[in-house]
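Data first, discussion second: the structure below is written as structure tokens.
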Amino acid sequence: MNTTLQSAQSLAAEVVKGLNGSIPGVEVGVCPPAVYLTSVAEKLRGSGVVLGGQNASFEKPGAFTGEIAIEMLLDVGCQWVILGHSERRQFFGDTDEIINKKVLAALERGLKVIFCIGEQLADRQGGRTESVLETQLSAGLKNLTPAQTDNVVVAYEPVWAIGTGVTASPEQAEETHAFIRKWLGQRFGQPIAESIRIQYGGSVKGDNAKELLAKPNIDGALVGGASLKADQFLAIVRAAGEVATMA
Ligand code: PGA
């Protein structure tokens, strides 16, 4: 729930200008608030930067006042939707079961999914990180077919690192990403697990992005605060480009 119409438009325009074409090996997307999607889509036209929503309902369009349908996101040019963000889980009642319904609905109706998981500080301190993630993964991806995984990105966002300025160390993040990939391998088989992108999110900035992205199991970043400043966001994208060239 950030930006204004004006700042969302100018951010998008600055990102497009700063990128000046595509960066090999890097997919760039932005997920503005729903009311600004149409205006941001105009700024992104022809740039290769993809558009996503921050949430969607699993219901088909109809009498669900206040909700945003998957069809509506597609209609305004979204290819992606973020589902299960920790703020939706914490403050708006998105349970694993609801998130699973959203994931399946989005994929069935042609929207790609950034599926977020992450443990709370108390879980990490209590040694429960893996069991929390396992529950979120198995419930959130329930009934997903192997073919549908083509259109899913998993975003690991430790709740204690979101918007706090505290980042998981590259080693901590890598260890957890490796666990997630192992789980995906057991669920969908190794080749699929290797092809699924696992993004890290939680205080990613221009100056820590490269170290994180250089880790073998960290395939991308889901960026909050730093995406509100074009130069910070662009620095992260450039770091991803440097890592992609090294690979
Ligand atoms: P942050 O947010 O980058 O500000 O920590 C991440 C997120 O909200 O996904």
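The values are calculated or read from the model by the stated rules, or taken from the named source; none is laboratory data. In this text, all values refer to a predicted model and were calculated from it rather than measured experimentally. When we count neighbours, we look across all protein chains shown, and the Cβ atoms used for this are built from the backbone with ideal geometry, even at glycine. With ligands, DNA and RNA removed, areas are computed over all heavy atoms of the protein, side chains included. Shrake-Rupley method; radii C 1.70, N 1.55, O 1.52, S 1.80 Å.
Backbone geometry of region 54-65 corresponds, through the Karplus equation with coefficients 6.51, -1.76 and 1.60 at θ = phi - 60°, to 3J(HN,Hα) couplings of 9, 5, 7, 8, 8, 6, 6, x, x, 7, 9, 3 Hz, x marking Gly and Pro. With Cβ to Cβ distances under 14 Å as the rule, what net charge do the other residues near A214 carry (K, R +1; D, E -1)? Local charge sum for A214: -3. Of interest is the spacing of the C-alpha centroids, which for region 28-66 and region 172-191 amounts to 29 Å. Rounded to whole numbers, the Karplus 3J(HN,Hα) couplings from phi for region 82-93 are 7, 10, x, 3, 4, 5, 5, 5, 6, 10, 10, x Hz, using 6.51 cos²θ - 1.76 cosθ + 1.60 with θ = phi - 60°, and x at Gly and Pro. Normalised by 2.2 N^0.38 Å, with N the number of residues, the alpha-carbon radius of gyration of the chain equals 0.96. Pairs of Lys residues in the chain that lie 8 or more places apart, or on two chains, and have C-alpha atoms under 12 angstrom apart add up to 7.
For the chain, the per residue solvent-accessible surface stands at 48 Å², with DNA, RNA and ligands left out and a 1.4 Å probe. For the chain, the fraction of 1.4 Å probe accessible surface lying on carbon and sulfur atoms is 52 percent.
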